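Peer 1: Provided herewith is a single structure, encoded as structure tokens, for subsequent inquiry.
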Amino acid sequence: WLAQGADPSRLLIIVPQQPMARPYQLALHESEYSGGAPMITTFAAFVREAVNVYWAAIAGALGADPSREPTFLNIEMAQYFMARFALPRIAEGAFAFSDMRVAPPRIISQVLDNLNRAALLGEPIESIAERLIKAWGNRDSSRREVFKRANALAAEFRAHCLQHNLLDFSLTVEAFQRLIRPRPDFQEFLQARFDFLLAENIDEDLPTTHDLLALCLPYVQGALLLYDPDGGLRTFLGADPETAYALRALCDDHLIMPNSQVMSQDVAAFAIAISRALSPRLESLPEPEGKVRAAISYIQARFYPKMIEQVADQIATLIQQGVAPRQIAVVAPYLNDSLRFSLNHALRQRESFYGIRIPILTHRPSRALLDEPITRALLTYTLIAHPNWLDGSALKAPLPKDVADAFALTIDGLDPLRAEQLTELTYRTKRDAQGILRPQLSPFAKLAPDWQARIGYRIGQRYDALREWLDSYRALSENAHGLPLDHFLRLLFDEKLAQKGYGLHNNFEAARIAAQLIDSIQHFRQTLYADHNSDWAALGREYLQMASQRLLPALHAQSWQDEQADAILFMPASTFLLRNRFVDYQFWLDIGSSGWFMRLEQPLTHPYVLRREYVPERPWEENDEKMAEDDRLYRVVIGLVRRCRKHIYAAVAELGESGFEQNGKLLSIIQRVLSLDAESETP
């Protein structure tokens with residue numbers, strides 16, 4: 001289009017999530033075309049802008065106040081406001097049933113998910129409980145009452161949002177779908193504004209996105225919709241491959257591209273073998289030219305820790321052979337702290353033994369920020385620098401263990417044992433006139449000489465420099481009103497913790513997490529304290545209390561845009577797939593685990609029942625769950641294979657992490673594929 005003289009500013013590019021816009025932005029930046037910039041956006045950003053423009057005209061019909069501007073909430077802020085209603089109900093036991101155990105952050109996120117599903121379905125909130133109750137069928141359980149209480153909580157939250165002009169994703173989508181999309185003037189705007197349309201991975205996008213694309217297609221001069229028949233990995237986030245495929249009927253031409261530009265012939269042969277074993281699709285597959293057994297290797301161990309050690313050995317061997325770290329991906333069905341620590345520790349040992357560098361980058365989008373060690377360290381220093389924020393109940397002085405962990409993480413060369421000793425000798429809490437314990441750090445020079453020698457004089461210098469920085473800021477904040485929390489953390493990171501001699505110097509992952517925390521606080525400040533410019537203590541206290549609730553973080557674009565980092569990717573398989581990265585070598589950990597195909601239990605919601613094509617009156621049966629598991633396993637496995645160029649290492653432990661024997665579907669299928677391949681080669 002651009003080569004034919006199209007105006008770039010009249011091109012609309014829609015992607016399922018913001019990070020997927022990056023390749024288009026880079027390509028356009030490096031191109032020779034000029035004359036304006038295309039609109040590269042997600043559905044969420046597009047409708048938010050539309051609601052903002054049409055607010056005065058639609059607010060009254062929506063039930064909000066048209067005289068006040070709307071405040072748009074990201075997922076963190078939506079959870080924050082939902083928690084105001086949910087936590088008291090949870091404390092009262094509203095969701096405490098013998099057959100259901102759900103942590104408060106999960107209750108909050110699932111109720112918000114139900115609101116989002118109602119908006120995507122175009123149905124009132126009340127219909128969600130009805131759908132879930134009917135899908136539950138005649139099984140004896142307290143689940144029906146749970147659905148009703150979750151629905152009541154959602155309705156209470158929605159009423160609060162309308163009263164205060166707070167628009168979470170669900171209310172924004174409802175406003176657009178019900179009050180803006182049908183407007184003739186909006187449709188005239190689309191017709192006049194865009195000449196060309198490109199939609200990336202529509203199989204990973206929302207049904208409401210597909211509604212918008214269907215609305216645009218008759219108006220534009222040209223359109224290109226990209227659809228992966230084996231996609232749909234974001235179903236748990238609302239993606240709907242079925243409504244995406246329906247757009248095919250609105251297109252004049254259908255171009256099928258079956259040949260991979262990524263896989264070697266051997267990996268392509270393995271992909272065909274996996275498809276034959278798993279695929280629910282009926283189309284015939286070509287005979288492979290490569291060798292299945294040349295594409296995959298087994299790493300087998302009796303015990304889980306030994307499996308991790310063998311994986312680390314193989315990674316070290318690849319690095320020694322000259323493979324770039326960024327060409328290696330390690331994926332697992334889940335990535336918990338234990339697994340991350342074990343592999344990271346094993347790789348650090350091999351770095352020292354072989355004298356090589358093995359950088360590793362992890363990414364867990366659904367992990368609460370407070371669960372990250374760097375987050376806890378930064379917030380520990382925050383409390384030490386702001387003792388006046390403490391109230392003795394909701395906010396207390398940091399525990400000695402938290403201080404020791406912060407020292408060990410942020411002072412270069414300080415091991416955990418000496419960090420505990422340093423904390424025991426220098427960290428004190430003193431009770432003030434209000435009876436509140438206030439934290440303080442004492443100088444290293446006050447330690448006995450033998451203790452100074454044990455801990456190390458260089459460590460002592462670094463500790464003192466950090467302590468003096470915190471004391472200096474503390475004095476400044478007590479005499480004035482200090483800085484907003486995000487400004488304080490940016491200063492602490494830039495002026496001290498990221499400098500040479502401290503643990504975050506050249507630590508790419510720590511910098512990413514710190515940036516995510518700072519962005520979270522900044523958005524919190526801009527949402528709740530937009531007109532505030534004086535005493536920032538209230539902001540600090542309120543954010544720290546929100547962080548303690550372990551709410552799920554908002555999408556942080558930078559976490560998805562580190563494609564140039566020369567580091568091994570280590571993440572859940574679904575996260576790796578959504579990054580759409582291609583690598584030479586993949587390691588699949590724990591292939592005997594059921595996590596490869598079983599979805600996480602979500603007792604308050606259901607990603608399949610709450611879809612447009614699901615018949616509302618039909619119960620969700622055991623066979624439905626099995627078919628969904630098989631479909632998920634196929635999409636995950638074939639997606640991984642098609643993102644691998646050279647070789648796959650499948651790692652399995654006979655006894656899993658919890659000590660039980662492993663015999664999941666993925667293990668069985670790989671064994672079957674290799675067995676059939678061996679039989680075919682037997683003369």
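Peer 1: Short version: ³J(HN,Hα) in whole Hz for each residue of region 17-23, in order, from phi by Karplus 6.51 cos²θ - 1.76 cosθ + 1.60 (θ = phi - 60°), x for Gly and Pro, what are they?
Peer 2: So the J values, rounded to whole Hz, are 8, 3, x, 6, 7, 4, x.
Peer 1: In terms of modelled amide H atoms, which long-range or inter-chain residues lie less than 5 Å from the amide H of Ser141?
Peer 2: The answer is none.
Peer 1: Take His523, project a point 7 Å from its Cα along the Cβ direction, then tell me which residues of region 228-247 have their backbone nitrogen under 18 Å from it.
Peer 2: Residues passing the 18 Å test: 237-238.
Peer 1: For the residue pair Glu613 and Phe508, what label-to-label distance in nm results when each label sits 7 Å from Cα along the Cα-to-beta-carbon direction?
Peer 2: Distance between the two pseudo-spin positions: 3.9 nm.
Peer 1: Once the piece of chain linking Asp630 and Ala103 is laid out straight, how much longer is it, given 0.36 nm per residue of separation minus the C-alpha distance between them? It would help to have the intermediate numbers written out before the result.
Peer 2: Values: separation 527, 0.36 × 527 = 189.72 nm, distance 2.80 nm.
That works out to 186.9 nm of additional length.
Peer 1: Here is a follow-up. Given the chain, what percent of its DSSP beta bridges are antiparallel, to the nearest 5? Spell out each step's value before the answer.
Peer 2: Working: 8 of 45 bridges.
For the chain, the DSSP antiparallel bridge percentage is about 20.
Peer 1: Could you work out how far apart the two model spin labels at Asn52 and Lys134 are, taking each label as a point 7 Å from the Cα in the direction of the beta carbon, and quote it in nm?
Peer 2: For Asn52 paired with Lys134, the spin-label model returns 3.9 nm.
Peer 1: While we're looking at this one, here's another question. Run the numbers for Asp450 and Gln602: contour at 0.36 nm per residue of separation, minus the present Cα-Cα distance, in nm.
Peer 2: Numbers: separation 152, 0.36 × 152 = 54.72 nm, distance 5.58 nm.
Length gained between Asp450 and Gln602: 49.1 nm.
Peer 1: Hey, how many Å between the Cα centroid of region 606-683 and the Cα centroid of region 392-468?
Peer 2: A separation of 49 Å, based on Cα centres.
Peer 1: Scaled to the compact-protein estimate 2.2 N^0.38 Å, what is the alpha-carbon radius of gyration of region 72-164, rounded to two decimal places? Numbers along the way, then the final one.
Peer 2: On the way: Rg = 13.1 Å, N = 93, 2.2 N^0.38 = 12.3 Å.
So region 72-164 has a normalised radius of gyration of 1.06.
Peer 1: Of the cross-linked pairs Lys626/Lys665; Lys401/Lys430; Lys306/Lys646, which ones have a Cα-Cα span greater than 19 Å in the structure shown? Intermediate results must be reported in sequence, preceding the final value.
Peer 2: Details: Lys626/Lys665 11 Å; Lys401/Lys430 17 Å; Lys306/Lys646 25 Å.
Lys306/Lys646, as the Cα separations exceed 19 Å there.
Peer 1: Related question: Please tell me the relative contact order of the chain in percent, rounded to the nearest whole number, where contacts are Cα pairs under 8 Å and at least six residues apart. Could the numbers behind the result be given before it?
Peer 2: Working: 980 pairs, mean separation 137.6, N = 683.
Worked out over the chain, it gives 20 percent.
Peer 1: If r is the Cβ-Cβ distance from Ser366 to Ser260 and R0 is 22 Å, what FRET efficiency results, to the nearest 0.05? Numbers along the way, then the final one.
Peer 2: Values: r = 30 Å, r/R0 = 1.35.
Result of the calculation: an efficiency of 0.15.
Peer 1: Got a sec? Which residues in region 59-78 would a label at Gln163 touch, if it sits 7 Å along Cα→Cβ and we count backbone N under 19 Å?
Peer 2: 60-73, 78
Peer 1: What FRET efficiency comes out for Lys396 versus Arg144 if R0 is 45 angstrom and r is the Cβ-Cβ distance? Round to the nearest 0.05. Walk me through the numbers on the way to the answer.
Peer 2: Details: r = 40 Å, r/R0 = 0.90.
FRET efficiency, Lys396 to Arg144: 0.65.
Peer 1: Counting helices only, and only those DSSP H runs with n ≥ 4, report the 222 nm mean residue ellipticity of the chain as the sum of -39,500 (n - 2.57) divided by its residues, in deg cm²/dmol to the nearest 500. Before the final figure, lay out the partial values.
Peer 2: Numbers: 25 runs with 332 residues, N = 683.
Using -39500 (n - 2.57) per qualifying helix, the result is -15500 deg cm²/dmol.
Peer 1: Further, regarding this structure: In terms of modelled amide H atoms, which long-range or inter-chain residues lie less than 5 Å from the amide H of Leu390?
Peer 2: So Leu390 has HN proximity to no qualifying residue.
Peer 1: Need one number: nm distance between label points at Gln461 and Ala475, each 7 Å from Cα along Cα→Cβ, rounded to one decimal.
Peer 2: Placing both labels 7 Å beyond Cα along the Cβ direction yields 2.3 nm.
Peer 1: Now a separate question. For region 375-387, take each phi angle, set θ = phi - 60°, evaluate the Karplus expression 6.51 cos²θ - 1.76 cosθ + 1.60, and give the result in whole Hz per residue in order, putting x for glycine and proline.
Peer 2: Result, ordered by residue: 5, 4, 5, 5, 6, 5, 5, 4, 5, 5, 7, 10, x Hz.
Peer 1: Where a Cα-Cα gap under 19 Å defines reach, which aspartates and glutamates qualify for Lys396, not counting those fewer than 8 residues away within the same chain?
Peer 2: Cα-Cα hits under 19 Å: Asp371, Asp405, Glu424, Asp432, Asp471, Glu478, Glu542.
Peer 1: Now, a different point. Quick one: which residues, 5+ away or cross-chain, put their amide H under 5 Å from the amide H of Ile40? H built at 1.01 Å from N.
Peer 2: Sorted by chain and number, the residues that satisfy this are Ile13.
Peer 1: Right, next: By how many nm would the segment from Ile356 to Leu2 grow when fully extended, if each residue of separation counts as 0.36 nm and the alpha-carbon distance is taken off? Write down the numbers at each step before the final one.
Peer 2: Details: separation 354, 0.36 × 354 = 127.44 nm, distance 4.62 nm.
Working it through step by step, the gained length comes to 122.8 nm.
Peer 1: Let me ask another. How do Cys216, Cys161 line up, fewest other C-beta atoms within 10 Å first? The partial results should precede the final answer.
Peer 2: Working: Cys216 20, Cys161 23.
The fewest-first ordering by Cβ neighbours comes to Cys216, Cys161.
Peer 1: Under a cut-off of 16 Å between alpha-carbon atoms, report the lysines in cross-link reach of Lys134, not counting same-chain residues fewer than 8 places apart.
Peer 2: Cα-Cα hits under 16 Å: Lys148.
Peer 1: Glu156 to Arg348: FRET efficiency via 1/(1 + (r/R0)^6), r the Cβ-Cβ distance, R0 56 Å, to the nearest 0.05? Don't skip to the answer; put the middle values down first.
Peer 2: Values: r = 49 Å, r/R0 = 0.87.
Result of the calculation: an efficiency of 0.70.
Peer 1: In addition: Each residue of region 292-306 in order: what ³J(HN,Hα) in whole Hz does its phi give by Karplus 6.51 cos²θ - 1.76 cosθ + 1.60, θ = phi - 60°, with x for Gly and Pro?
Peer 2: 4, 5, 7, 9, 9, 10, 8, 10, 10, 9, 6, 10, 4, x, 5
Values quoted throughout were computed directly from the atomic coordinates according to the rules given, and no laboratory measurement underlies them. Only a predicted model underlies this, so the values are computations on that prediction, with no experimental measurement involved. Note: ideal-geometry Cβ built from the backbone for every residue, glycine included; neighbour counts use all protein chains shown.
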